[in-house]
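The block underneath contains the structure these notes are about, expressed in structure tokens.
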Amino acid sequence: MSAAIQVFKPRDGETNILVSDWPDARAPWRVRTSDRRGRELEIEGYSNFKQMPVARLVLHVNGRKPLMITGYSFERDLITSDRPEVLGQLVLCARAVATRLFEDLGVGNGCLMWQLESQRIAAISRRFPQFEPLPRRKRLKPGKRYLIWRP
């Protein structure tokens, strides 16, 4: 797993994330970065009998603060029954990235925060019980709610 996630700081000082075939090249759902800086994770797998990217997850890296999931989306062709499993894999990969950033570069605090619209918080909390709600007094953006995973 360690070779599948790499984090580094080039000379310009910006943190870069590189994910390739996480957790394994033979896995049915494989996560990789889809942009140059590694702020967007893409998951690929079989859907409707064809190999294709099926979902995306957007990350925000901010110094000492937790790595944050700021958004996710599914491709139109992804079968609805596969969506929970696909999102679960993306979140597990984001947790591994948060841990790697903290351990290798001292970026963040090893935690993973998830920024959601208020109406989605209950459904995501049920699906991902390892995330706990952030107290209302610590809202970072109006209209948003936050969940946090601590190692």
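The values are calculated or read from the model by the stated rules, or taken from the named source; none is laboratory data. If you're wondering where the values come from, they're calculated on a predicted model, not measured in any experiment. In this analysis, Cβ positions are derived from the backbone assuming ideal geometry, glycine residues included, and neighbour counts consider all displayed protein chains. Just so you know, the surface numbers come from the protein's heavy atoms only, side chains and all, with ligands and any DNA or RNA stripped out. Shrake-Rupley method; radii C 1.70, N 1.55, O 1.52, S 1.80 Å.
Per-structure values
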| quantity | calculated |
| --- | --- |
| Subset of region 110-142 (residues that are touching a residue at least 40 places away in the same chain (Cβ under 8 Å), crowded, with 19+ Cβ neighbours inside 10 Å and of a type outside the set (A, V, I, L, M)) | Trp114 |
| Residues being modelled with pLDDT of 90 or more and open to solvent by less than 50 Å² (accessible area, probe 1.4 Å) - total across region 1-14 | 3 |
| Within region 16-55, considering residues that are among the basic types (Lys, Arg) and open to solvent by less than 70 Å² (accessible area, probe 1.4 Å), the one nearest to Trp114 (Cα to Cα) | Arg39 |
| Strands (runs of 3 or more DSSP E) wholly inside region 1-109 that include at least 3 residues being within 14 Å of the chain's Cα centre (by Cα) and touching a residue at least 24 places away in the same chain (Cβ under 8 Å) | 50-60, 67-74 |
| Exclusive hit being under 17 Å from Gln89 (Cα atoms) and at pLDDT 95 or above, set Arg56, Arg30 | Arg56 |
| Region 70-95 - residue that is hydrophobic (A, V, I, L, M, F, W, C) and open to solvent by 20 Å² or more (accessible area, probe 1.4 Å) and, of those, farthest from Met52 (Cα to Cα) | Leu92 |
